[in-house]
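To keep things clear, I will list the structure first and then write my remarks on it.
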Amino acid sequence: MPARYGGFETLVERLVRYAQSRKQPIDQLTVYCSRQAYLERPSHYCGARLRYSSYNANGIQSIIYDCVTALDAIWRRHDRLLVLGVSGAIVFPLIRLISRARIVTNVDGIEWRRPKWKGLSRCFLKWSEWLAVRFSHEIVADNQGIADYLKETYKIQARVIAYGGDHAVRTIAEESIDASQPRGPYALALCRIEPENNVSMILEAFEDSSLPLVFVGNWNNSEFGRKLRSQYDRSPNIEMLDPIYEPAALQRIRQKASAYIHGHSAGGTNPALVEMMHVGHPILAFDCNFNRYTTEDCAAYFTTARELTDLVGKVSQHENGASMKEIANRRYRWDVIGADYFSLLQEA
């Protein structure tokens, strides 16, 4: 913390803010951060203690990061660990052996199924998933589709707790909407530039679409992203923007969009989707069970570039924005999510 990018970071910060607002014993909370991610490293944030690891929380180092920080938490006599992701589950058997601390793990998506993982990496992630399920005291799934998979594969009942998105609406309400670029109307896509997010399909669909596309992502972080940027950057109908971390700027872009294009096919409940649902614009989502669970089958869905092009051509007919907002207000608020997490930690 403070959260800058990514659903897990936002989840952690919102849980800490929830604890602070509900007068929970915030001084008993420790949040682990990657030293490499922050130039300034305060000792506390919103009342919670911050500790910094010299390892990177992403990539191959995330395994060491998770193991070292979990053991540090045990050394400092924390009695409950909320672990986000399964990459560090290799250390769980040791923790169970030397400590009475309770482990609550959010397994994230079905990580090993992502196309970017091959060979040994895929085997390790699948093994880590098994370790997490076997040695955690409680398992959290952020989507019913993930819970169904865990029940079918491991015969366990996971607790389904999604993500909140109402902080996006509050930011919009507090900030004036300026006239800076990009100018509407346009469709908006926002994601990490990875194959399973169907980035190529979305770009292909909008090359000759009736509605311009603004696509925000980390294009320069991979060969896949750089190749797509080189291919589509000169398209008059597509504007490709680098990641936007400043909340007010990001929400201005969201507010001025006419529709949101969600291409994620892996994972579970995606934070960017629930945040956009709170804005109340029409949602056009890739057709998979995770997205259908999140939107309660009320969005418009596509599986090919041609289907997406057709949907975009009729975007004014997709009056699902009000339904999306109603679902978001009912299911994806941080007061609901915070209460669920802290109730689970208390039970643990």
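The values are calculated or read from the model by the stated rules, or taken from the named source; none is laboratory data. Predicted, not measured: the structure shown is a model, and the values here were computed from it. Heads up, the Cβs are rebuilt from the backbone with ideal geometry, glycines too, and the neighbour counts pull from every protein chain shown.
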*Could you run through the range 16-57 and say how many residues are in contact with a strand residue (DSSP E or B) (Cβ under 8 Å, 6 or more places away or on another chain) and outside any helix (DSSP H, G or I)?*
21
*asked:* I want to confirm something. Restricting to the range 84-105 and keeping residues that are of a type in the set (S, T, N, Q) and farther than 19 Å from Q157 by Cα, which single residue is surrounded by the most Cβ atoms within 10 Å (Cβ to Cβ)?
replied: S87
_Residues (within 22 Å of D79 (Cβ to Cβ), part of a loop (DSSP other than H, G, I, E, B) and small (G, A, S)) located in the range 99-143_ = S99, A101, S136
*Any residue in the range 323-339 that is crowded, with 20+ Cβ neighbours inside 10 Å, closer than 23 Å to V86 by Cα and not assigned by TED's automatic domain parsing to the domain that holds S209?*
yes
*Can you tell me which residue in the range 204-223 is nearest to the chain's Cα centre (by Cα), limited to those that are surrounded by 15 or more Cβ atoms within 10 Å (Cβ to Cβ) and farther than 13 Å from L190 by Cβ?*
S222
*asked:* If I ask for residues that are over 21 Å from D27 (Cα atoms) and surrounded by fewer than 20 Cβ atoms within 10 Å (Cβ to Cβ), which ones from the range 64-83 would you list?
replied: I64, C67, V68
*Looking at V312, is it more than 18 Å from the chain's Cα centre (by Cα) and part of a helix (DSSP H, G or I)?*
yes
*in a helix (DSSP H, G or I) and more than 18 Å from the chain's Cα centre (by Cα) - does that describe any residue in the range 286-300?*
no
*In this structure, is R100 on the phi > 0 side of the Ramachandran plot and assigned by TED's automatic domain parsing to the domain that holds A48?*
no
*List every residue pair whose Cβ atoms lie under 7 Å apart, where the two residues are 6 or more positions apart in sequence or sit on different chains, the first residue falls within the range 285-311 and is in the same structural domain as P271 (by TED's automatic domain parsing), and the second residue, located anywhere, is part of a helix (DSSP H, G or I) and of a type in the set (D, E).*
A305/E204
